[in-house]
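Engineer: Here it is, the structure, as structure tokens.
The values are calculated or read from the model by the stated rules, or taken from the named source; none is laboratory data. For clarity, every value in this text was computed on a predicted model and none was experimentally measured. Note that each Cβ is placed from the backbone with ideal geometry, even for glycine, and that neighbours are counted across all protein chains shown.
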Amino acid sequence: MRVIAGSAKRTTLKMPGQGKVRPTADRVKEALFSILGSGVQEAEILDLFAGSGALGIEALSRGGANCVFVEKDKRVMGTLKKNLENTKLLERAFLINNDVYKGLKLLARKGAAFDYIFMDPPYGQQLELGALEEICSLKLLKSYGIVVVESHKKQMFPDKVSSLKKVRCEKYGDTLLTLFNNPTVQEEEEIRCE
């Protein structure tokens, strides 16, 4: 696992103990950030179920303004903090060592809103829809923001979840990336899941 581009390019990321996380493959990360393009520059980012922090760290390395990482496992959070130190990105990071739902409520109380929200929950636990609904109800996504959900390729999502509209799906091996936005702001486009 490494940072692909930006200020921390080629920095190796440490992984927590065996079975603690399922890291995002470099190929999937590269494809995702190719889709997002330069939009991550100066963006405010939220990385849920953060694990090693690979997605949020990649966004910071590519010029993201700041990133909030939410991870409930203390040992995994320790590894994430070391990764931020090694990439020299800790100063632009905020760490919440808590359950995702409690973390979301804390952020809402602080009036936070994000340009990009990355979600990479453990496969097979059906955590995605509840988290998406909570993001909407707490108004944590900016009006032009995008939520990216990484899941197993068999995990399909409805075209709408609360106020979010599914706008893109891409499969990479066993991984599915699903992007949601606010259709009242962004043009609606045809959804393709291949």
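Engineer: Counting just the residues of region 88-102 that are aliphatic (A, V, I, L, M) and assigned to a strand (DSSP E or B), which one comes out nearest to Gly63 (Cα to Cα)? Steps first, answer last, please.
Structural biologist: We begin by selecting, within region 88-102, every residue aliphatic (A, V, I, L, M); these are 89-90, 93, 95-96, 100.
Those still in the list that are assigned to a strand (DSSP E or B) too: 93, 95-96.
On the way: Ala93: 12, Leu95: 18, Ile96: 21 Å.
The residue in question is Ala93.
Engineer: Continuing with the same structure: Can you name every residue in region 124-152 that is in contact with a Leu (Cβ under 9 Å, 6 or more places away or on another chain), crowded, with 16+ Cβ neighbours inside 10 Å and not aliphatic (A, V, I, L, M)?
Structural biologist: Once the filter is applied, which keeps residues that are in contact with a Leu (Cβ under 9 Å, 6 or more places away or on another chain), crowded, with 16+ Cβ neighbours inside 10 Å and not aliphatic (A, V, I, L, M), region 124-152 yields Glu134, Cys136, Glu150, Ser151.
Engineer: Now for a separate question. Those residues that are assigned to a loop (DSSP other than H, G, I, E, B) and in contact with a Phe, Trp or Tyr (Cβ under 9 Å, 6 or more places away or on another chain), I need them from region 155-173; list them, please. Step through it out loud before you land on a result.
Structural biologist: Our first condition is that a residue be assigned to a loop (DSSP other than H, G, I, E, B); within region 155-173, this holds for 155-159, 162-163, 173.
Selection gives Gln155, Phe157.
Engineer: Can you tell me which residue in region 46-66 is nearest to Gly111 (Cα to Cα), limited to those that are surrounded by 24 or more Cβ atoms within 10 Å (Cβ to Cβ) and aliphatic (A, V, I, L, M)?
Structural biologist: Leu46
Engineer: Could you tell me which numbered condition Phe69 fails, if it satisfies all but one of (1) assigned to a helix (DSSP H, G or I); (2) crowded, with 24+ Cβ neighbours inside 10 Å; (3) among the aromatic types (Phe, Trp, Tyr)?
Structural biologist: Failed condition: (1).
Engineer: Looking only at residues that are without any contact (Cβ under 8 Å) to a residue 60 or more places away in the chain and in contact with a helix residue (DSSP H, G or I) (Cβ under 7 Å, 6 or more places away or on another chain) in region 158-179, which one is surrounded by the most Cβ atoms within 10 Å (Cβ to Cβ)?
Structural biologist: So the first thing to find is which residues in region 158-179 are without any contact (Cβ under 8 Å) to a residue 60 or more places away in the chain, and the list is 158-167, 169, 171, 174, 176, 178.
Filter once more, so that each one left must be in contact with a helix residue (DSSP H, G or I) (Cβ under 7 Å, 6 or more places away or on another chain): 161-164.
Numbers: Val161: 21, Ser162: 13, Ser163: 17, Leu164: 23.
Applying the filter and picking the extreme gives Leu164.
Engineer: Still on this structure, please answer the following. Can you tell me which condition Gly39 does not meet? The list is (1) in contact (Cβ under 8 Å) with a residue 40 or more places away in the chain; (2) closer than 18 Å to Ser151 by Cβ, and all the others hold.
Structural biologist: If we test Gly39 against (1) in contact (Cβ under 8 Å) with a residue 40 or more places away in the chain; (2) closer than 18 Å to Ser151 by Cβ, just (2) comes out false.
Engineer: Also, I was wondering about something else. Of everything in region 63-76, what is at pLDDT 95 or above and not small (Gly, Ala, Ser)? Give them in sequence order.
Structural biologist: Asn66, Cys67, Val68, Phe69, Val70, Glu71
Engineer: Can you tell me which residue in region 1-45 is surrounded by the most Cβ atoms within 10 Å (Cβ to Cβ), limited to those that are modelled with pLDDT of 90 or more and part of a loop (DSSP other than H, G, I, E, B)?
Structural biologist: Among those that are modelled with pLDDT of 90 or more and part of a loop (DSSP other than H, G, I, E, B), it is Ala43.
Engineer: A follow-up question, please. Looking at (1) out of contact with any Lys or Arg (no Cβ under 9 Å at 6 or more places or on another chain); (2) farther than 21 Å from Arg62 by Cβ, can you tell me which one Glu85 breaks?
Structural biologist: Unmet for Glu85, out of (1) out of contact with any Lys or Arg (no Cβ under 9 Å at 6 or more places or on another chain); (2) farther than 21 Å from Arg62 by Cβ: (2).
Engineer: Whether any residue in region 103-119 is at pLDDT below 95, surrounded by 16 or more Cβ atoms within 10 Å (Cβ to Cβ) and assigned to a loop (DSSP other than H, G, I, E, B) is what I want to check.
Structural biologist: Checked against the condition, which is being at pLDDT below 95, surrounded by 16 or more Cβ atoms within 10 Å (Cβ to Cβ) and assigned to a loop (DSSP other than H, G, I, E, B), region 103-119 yields no hits at all.
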